[in-house]
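The values are calculated or read from the model by the stated rules, or taken from the named source; none is laboratory data. Fair warning: this is a prediction, and the values are worked out from it, not measured in the lab. Methodologically, a virtual Cβ is constructed for each residue, glycine included, from the backbone with ideal geometry; neighbour enumeration extends over all protein chains shown.
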Amino acid sequence: MVSERTLPEFNTTSIQLTQEEGLMLYEDMTLGRLFEDKCAEMYYRGRMFGFVHLYNGQEAVSTGIIKALRPDEDYVSSTYRDHVHALSCGVPPREVMAELFGKETGCSKGRGGSMHLFSEKHRLLGGYAFVAEGIPVATGAAFQSKYRREMMGDETADQVTVCFFGDGASNNGQFFECLNMAALWKLPIIYVVENNKWAIGMAHNRATSQPEIYKKASVFDMVGVEVDGMDVLAVRKVAQEAIARARAGEGPTLIEALTYRFRGHSLADPDELRSPDEKQFWGSKDPIQRLEAYLIEHNLANQSELDEIKQKVQASVDDAVKFAEESPEPDPKELYRYVFAED
Ligand SMILES: Cc1ncc(C[n+]2csc(CCOP(=O)(O)OP(=O)(O)O)c2C)c(N)n1
Ligand SMILES: [Mg+2]
């Protein structure tokens, strides 16, 4: 048997959830799951190239955090595992899929691909291929909000920035430097570490002297919280608290979400290192099934309503593939376009 870290308890009696919110969270997580399943299919059919990292299993983190933000206003930075973060931010599935197909209609004009999704409109600061590369970018975004508000007197500059990264990234030097600065300057930022226990084939516990990452916040005098990353309602709760603190000028939070990826590191990974017991343990905590059960138990939805949502989402994913297939390739003459911001 695998020995697993105890997932923090969440007091469900504290949940305040309307039907509309519950269904919105369900739809967003379902979109993440069905979109990624379709990506696997398209990758193995040779429609996508390069590395493609899927997010299956971690949906509660993206949905729980991003759906607590102000859409198109607050900032989000991601990693190479970025498709679902982009979707939660509101980037249309068509634009994400077209980007993965390398098409001109993609959210990065087909120049970025899977690891470099970007959307100015949706305040998605980007996916990043280098581990931990988004941490300083997000810290800079949070700094500019604070600078505009406090130094330039812009009262509207109360945006919060969320910075997602993995357990492996939390051992990179940029993590420590940026957390220090963010705490020192009380920046409006939330660092969300998605601890899925693995950095490719390196087990977190083998690579990290203190595997409980949230505890590292304390040395910066920052709030650090751990959360069951398979429970969207628990994630949403800690996100709402952290966002309120950041917006009130009380500084950053480090959230460690304990989660698991249901597929290999990338679609090129045969996933032979992780034990069947471990996969089974986490597979039984599927965050979508969990929310489904909660919504039904609390009379917020019935099965046929949820099935309808799944069908609607599947149709939008199929539509995204059709759109991507029919979209034009970038013109080779425009190879250097979009390299600089003025383009
Ligand atoms: C600076 C840097 N070093 C090494 C790599 C190779 N690499 C790609 S993904 C990865 C593992 C990162 O794991 P984690 O941060 O836990 O994220 P996860 O893949 O689990 O989401 C590594 C080492 C890289 N992309 N960038
Ligand atoms: Mg990891």
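Just to be sure, is Gln159 within 15 Å of ligand 1 (Cβ to nearest atom) and surrounded by fewer than 24 Cβ atoms within 10 Å (Cβ to Cβ)? Criteria not met by Gln159. Among the residues making up the stretch 291-311, those that are in a helix (DSSP H, G or I) and touching a helix residue (DSSP H, G or I) at 6+ places or on another chain (Cβ under 8 Å) are Leu291, Glu292, Tyr294, Leu295, Ile296, Gln303, Glu305, Leu306, Ile309, Lys310. Would it be correct to say that Glu329 is surrounded by 10 or more Cβ atoms within 10 Å (Cβ to Cβ), part of a loop (DSSP other than H, G, I, E, B) and out of contact with any His (no Cβ under 8 Å at 6 or more places or on another chain)? Taking the combined requirement at face value, the residue satisfies it. The number of residues in the stretch 261-285 being in a loop (DSSP other than H, G, I, E, B) and either free of Cβ contacts under 8 Å to residues at least 24 places away in the same chain or β-branched (Val, Ile, Thr) (or both) comes to 5. From the list Gly32, Gly50, Gly64, Gly102, exactly one residue is surrounded by 21 or more Cβ atoms within 10 Å (Cβ to Cβ) and in a loop (DSSP other than H, G, I, E, B). Which is it? Matching residue, one of Gly32, Gly50, Gly64, Gly102: Gly102.
Could you please find all residues in the stretch 17-53 being within 20 Å of Ile296 (Cβ to Cβ) and β-branched (Val, Ile, Thr)? Of everything in the stretch 17-53, those that are within 20 Å of Ile296 (Cβ to Cβ) and β-branched (Val, Ile, Thr) turn out to be Thr18, Thr30.
Take the stretch 192-232 and flag every residue that is away from ligand 2 (no atom under 12 Å from the Cβ), in contact (Cβ under 8 Å) with a residue 40 or more places away in the chain and exposed (fewer than 15 other Cβ atoms within 10 Å of the Cβ). Of everything in the stretch 192-232, just one residue is away from ligand 2 (no atom under 12 Å from the Cβ), in contact (Cβ under 8 Å) with a residue 40 or more places away in the chain and exposed (fewer than 15 other Cβ atoms within 10 Å of the Cβ), namely Glu212.
Name the one entry in Ala169, Ala142 that is closer than 30 Å to Glu95 by Cα, within 16 Å of ligand 2 (Cβ to nearest atom) and in a helix (DSSP H, G or I). Testing whether each residue is closer than 30 Å to Glu95 by Cα, within 16 Å of ligand 2 (Cβ to nearest atom) and in a helix (DSSP H, G or I) leaves just Ala169. All told, Ile288 meets the bar of being assigned to a helix (DSSP H, G or I) and touching an Asp or Glu at 6+ places or on another chain (Cβ under 7 Å). Pairs linking a residue in the stretch 128-142 that is on the phi > 0 side of the Ramachandran plot and at pLDDT 95 or above to a residue that is within 15 Å of ligand 2 (Cβ to nearest atom) and of a type in the set (A, V, I, L, M), with Cβ atoms under 9 Å and 6 or more positions apart or on different chains, are Ala132/Ala169. Check the stretch 40-47 and report whether any residue there is surrounded by fewer than 23 Cβ atoms within 10 Å (Cβ to Cβ), in contact with a helix residue (DSSP H, G or I) (Cβ under 7 Å, 6 or more places away or on another chain) and in a helix (DSSP H, G or I). Checked the stretch 40-47: at least one residue is surrounded by fewer than 23 Cβ atoms within 10 Å (Cβ to Cβ), in contact with a helix residue (DSSP H, G or I) (Cβ under 7 Å, 6 or more places away or on another chain) and in a helix (DSSP H, G or I).
Scanning the stretch 71-99 for residues that are part of a loop (DSSP other than H, G, I, E, B) and farther than 21 Å from Phe51 by Cα returns Pro71, Asp72, Glu73, Asp74, Gly90, Pro92.
Taking the residues in the stretch 15-63 that are among the β-branched types (Val, Ile, Thr) and at pLDDT 95 or above as candidates, determine which candidate is nearest to ligand 2 (Cβ to nearest atom). This residue is Val61.
Looking across the stretch 49-75, the residues that are touching a Gly at 6+ places or on another chain (Cβ under 8 Å) and hydrophobic (A, V, I, L, M, F, W, C) come down to Phe49, Ala60, Val61.
Please determine, by comparing only the residues of the stretch 127-144 that are over 14 Å from the mean Cα position of the chain (by Cα) and among the aromatic types (Phe, Trp, Tyr), which one is nearest to Leu254 (Cα to Cα). Top of the filtered list is Phe143. Residues in the stretch 37-78 that are more than 13 Å from the chain's Cα centre (by Cα) and charged (D, E, K, R): Asp37, Lys38, Glu41, Arg45, Arg47, Arg70, Asp72, Glu73, Asp74. Residue pairs whose Cβ atoms lie under 7 Å apart, separated by 6 or more positions or on different chains, with the first residue in the stretch 289-315 and under 22 Å from Gly57 (Cβ atoms) and the second among the charged types (D, E, K, R) and at pLDDT 95 or above, are Arg290/Asp231; Leu306/Glu292; Ile309/Glu27; Val313/Glu27.
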